[in-house]
Amino acid sequence: MKILTVNFLTCAVKACKTSSLSFPLHFKDAELEQSDIEYNASFLRNILPRIDWEAFKITANELGFTTVPSEKPTISAPTTDLSTPDIVNTTSHTEVSHDKVMRDLHTLLLETEVREGKMVCGNCGHEYRIKEGIANFLLPSHLG
Amino acid sequence: MSRPEDTLPPDLFYNDSESRKYTTSSRIQNVQVEMTNRALELLSLPSPSLVLDIGCGSGLSGEILSSVPPSDGGPHIWVGMDISASMLDIALQRDVEGDLLLADIGQGVPFRAGTFDAAISISAVQWLCNAESSDTSPQARLTRFFNGLYASLRRGGKAVCQFYPKNEAQRDMVSAAAIKAGFGAGLLEDGAATKNAKVYLVLSVGGGAIEGVVE
Ligand SMILES: [Zn+2]
């Protein structure tokens, strides 16, 4: 389960739909794994406006990542083509650091996965097991 | 041949040996690849997107989503939902890139509003039409699913669900549930009136005509 996905998952229990406590789900006993996914700047630019930054900070903190910027990075227009030597030479400091911020985000959102553990709803307390990276969202019929 | 959804609910039908049969049969795989490509064509995603795969099974469609080249607007990042643990187990073994959720789409779509750019579903939605217990009905399950799907897509988002309706009444019941949830909907039938006919329910959030679909 990627941290990206966790930023969009809510409790599946019907009664929790309207509760602000049901998002984000909270981690318990999480085991992490790094995977390799090719850096995709245009995907990041697409998804960044939809990331709930406060929830992301909560999740990152629960998983032991303390370097998440306090504010969501702003998206720069897709202008710099780094393959052109000219542009590389004139790339400013802020662009370089912006690129670093985006690459760190890529690593945390897309390449960091929870392999084992539980996600717990802050409203109803339901625990969603994660086994081998697969989250179990099947609800017993009285909750579904 | 009896239809699998008439005999058992999907989590029981796709036990380990059925799941393996499903993913190793090259004929079924080819058909699935073909339908996934058709669905992608109907979605026409212009840039790398976050996509929900409903009834992702062993991840065949997902692998296609992950490998769409940048020149065709990819690659896409996807999350798959499936009710069959043994199907998802095969997806694990195949080391697919997307995230996998063991979940019953008849219980809804557990994502916050506006999560996905698009959704794709290959040969899954007809399963909603068999209610396997007394405390739920096909109608209720279809409603939960389409309401959940509608909410989970962003404004302007699209979904393409290929499915195998048992008859016209079932086809209409599925389409009606989608429209009632708020979708703009069109039905597309490839190979109409042949035994290889494929039905695609093409859905959009936030109005506008759907290109290439004649109602
Ligand atoms: Zn809950």
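Observations on the structure shown:
- Per residue of B:188-200, other chain Cβ atoms within 10 Å of the residue Cβ number 0 on average.
- Relative contact order %, chain B, counting alpha carbon pairs below 8 Å whose residues are six or more apart: 18 percent
- Once the C-beta distance of A:Glu116 and B:Thr194 is scaled by a Förster radius of 41 Å, the resulting FRET efficiency is 0.30 to the nearest 0.05.
- Under 17 Å from the Cα of A:Lys72 - lysines, other chains or at least 8 residues apart: A:Lys57, A:Lys100
- The DSSP beta bridges internal to the protein assembly as shown are antiparallel in roughly 60% of cases.
- Per residue, segment B:109-172 exposes 36 Å² of accessible surface when a 1.4 Å probe is rolled over the protein heavy atoms with every protein chain present.
- Projected label distance in nm at B:Arg94 and B:Asp6, using a 7 Å step from Cα toward the beta-carbon: 2.8 nm
- Shape category assigned to segment B:127-208 from the gyration tensor of Cα positions, a/c cut at 1.5: oblate
- Of all DSSP bridge pairs formed entirely within segment B:70-215, close to 55 percent run antiparallel.
- Buried solvent-accessible surface, both chains (B, A), 1.4 Å probe, Å² to nearest 100: 2600 Å²
- Helix-only arithmetic for chain A: the sum of -39500 (n - 2.57) across DSSP H runs with n ≥ 4, divided by the residue total, places the mean residue ellipticity at 222 nm at -7500 deg cm²/dmol.
- Positions from segment B:74-108 whose accessible area shrinks by 50 Å² or more when the full protein complex is built, not the chain alone, probe 1.4 Å: B:Ile77, B:Leu92, B:Glu97, B:Asp99, B:Leu101, B:Leu102, B:Gln107
- Within the accessible area of the protein assembly as shown, the carbon and sulfur atoms contribute 52%, probe 1.4 Å, all protein chains present.
- Reachable aspartates and glutamates from A:Lys28, criterion Cα separation under 20 angstrom, eight or more residues apart if same chain: A:Glu54, A:Glu62, A:Glu111, A:Glu113, A:Glu116, A:Glu127, A:Glu132, B:Asp99
- Degrees between helix A:53-62 axis and first principal axis of chain A (Cα, 0 to 90, nearest 10): 70 degrees
The values are calculated or read from the model by the stated rules, or taken from the named source; none is laboratory data. Please read these numbers as outputs of a predicted model, since none were measured by experiment. Cβ atoms come from the backbone with ideal geometry, glycine included; neighbour counts cover every protein chain shown. For accessibility, only protein heavy atoms count, side chains too; no ligands or nucleic acids. Shrake-Rupley method; radii C 1.70, N 1.55, O 1.52, S 1.80 Å.
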